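Presented below is the structure to which this report refers.
Please treat every number below as a calculation from the coordinates, not as lab data. Keep in mind that this is a model prediction, so the values were computed, not measured. When we count neighbours, we look across all protein chains shown, and the Cβ atoms used for this are built from the backbone with ideal geometry, even at glycine.
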Amino acid sequence: MIRTAWWFVFFFGYLLYSLPTIKRVKNLDSDIPTEKRDAIIHQKPKTWAKRLVEITGSNINVIGEEKIPKGAVLFVSNHQGNFDVPILIGFLEKPLGFISKVEVKKIPFIPRWMEAMNCVFIDRSDRRKAVQSIRDGIATLKKGHSLVIFPEGTRSKGESMGEFKKGGLKLATESRVPVVPISISGSYKIMEESKFGFKPSNVTITIGDPIFFSEDDKIDANELNITVQKMIQNNL
């Protein structure tokens, strides 16, 4: 009970405390290299996210982080629970944004930091807006910013993995950035398996072999979808 109460106090308290920083990071010198700029912007979100996970008493083990290429990549991950987002922000070294459902904008303070982190919001109820969001994501990747997509579209709330929705991998086929598969195992036990509050859990994040593309490659997005899904499944 005390741990849960402290978690929520820290969740909103740190966000409120960090709001003045958003204006400063948005006004960073445009001549700063993208990689360095992203590292500066992501400092506070990483601290916030990592502490949120630590408060639950969970242990996070990352395997294969050395496989992640330099520069922009598209992380493609399974989605077991609500803690997947803070786990990836806090425990992967590379700064990253998310392709996020537009409903997240309703949470106080969160959207302002997400925008600074180059996250892209997608409204799946409006096809035209959803297509534009994918285009925005492609542009973000081409500018050198890394993104995460959860192709299942929703949490599995367990070890099983749902089918990947079509279209998401166009982010990679159009931008030509490397695809990095991520397998998350055990994150659902922190919140979704708990009847109340949070449950300390052991979570393993496995980074798969990246998939690279050349400008001349002819890529079938549906085939890539199937390939990446199998890679993630095999590492669970």
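Counting other Cβ atoms within 10 Å, keep those with at most 12, restrict to DSSP loop, and tell me which GluC sites (Glu not before Pro) in region 134-198 are left.
GLU159, GLU163
Under 5 Å between amide H atoms, partner at least 5 residues away or on a different chain: which partners does SER100 have, H built in plane at 1.01 Å?
Answer set, sorted by chain and number: VAL120, PHE121, ILE122.
Using modelled amide H (1.01 Å from N, peptide plane; none on Pro or chain starts), what sits under 5 Å from the amide H of ASN59, excluding residues fewer than 5 places away?
Those lying under 5 Å, H to H, from ASN59 are SER201, ASN202, VAL203.
Working out 0.36 nm times the residue gap between PHE8 and PHE196, then minus their Cα-Cα distance, what length gain in nm do you get to one decimal?
66.3 nm
Can you list the residues, at least 5 places off or on another chain, whose amide H is less than 5 Å from the amide H of ASN78, using H built in the peptide plane?
ILE182, ILE184
At a Förster radius of 25 Å, what calculated FRET efficiency corresponds to the Cβ-Cβ distance of ALA221 and SER160, to the nearest 0.05?
After rounding, the FRET efficiency stands at 0.55.
Exactly which trypsin sites (Lys or Arg not before Pro) in region 1-31 are in a DSSP loop and have at most 14 other Cβ atoms within 10 Å? Working shown, then result.
On the way: sites: ARG3, LYS23, ARG24, LYS26; in loops: none.
Sites meeting the loop and neighbour criteria: none at all.
Each residue of region 168-184 in order: what ³J(HN,Hα) in whole Hz does its phi give by Karplus 6.51 cos²θ - 1.76 cosθ + 1.60, θ = phi - 60°, with x for Gly and Pro?
Result, rounded to whole Hz: x, 6, 4, 4, 7, 5, 8, 8, 6, 7, x, 9, 10, x, 10, 10, 9.
If the chain between GLU93 and LYS70 were fully stretched, how many nm would it gain, using 0.36 nm times the residue separation less the Cα-Cα distance?
My answer for the length gained is 7.2 nm.
Just report the Cα centroid separation between region 158-236 and region 37-99, whole Å.
So the two Cα centres are separated by 14 Å.
Could you pull out the trypsin sites (Lys or Arg not before Pro) across region 93-145 that fall in loop regions by DSSP (anything but H, G, I, E, B) with no more than 15 other Cβ atoms inside 10 Å?
ARG124, LYS143
For the pair ILE63 and ALA139, what calculated FRET efficiency results from E = 1/(1 + (r/R0)^6), where r is the Cβ-Cβ distance and R0 = 35 Å, to the nearest 0.05?
0.65
Rounded to the nearest 20 Debye, what is the dipole magnitude of the chain about its Cα centre when Lys and Arg each give +1 and Asp and Glu each give -1 at the C-beta?
It comes to approximately 880 debye.
Just grab the label-to-label distance for GLU35 and ARG112, each label 7 Å out from Cα along the Cβ direction, in nm (one decimal).
Between GLU35 and ARG112, the label points sit 3.1 nm apart.
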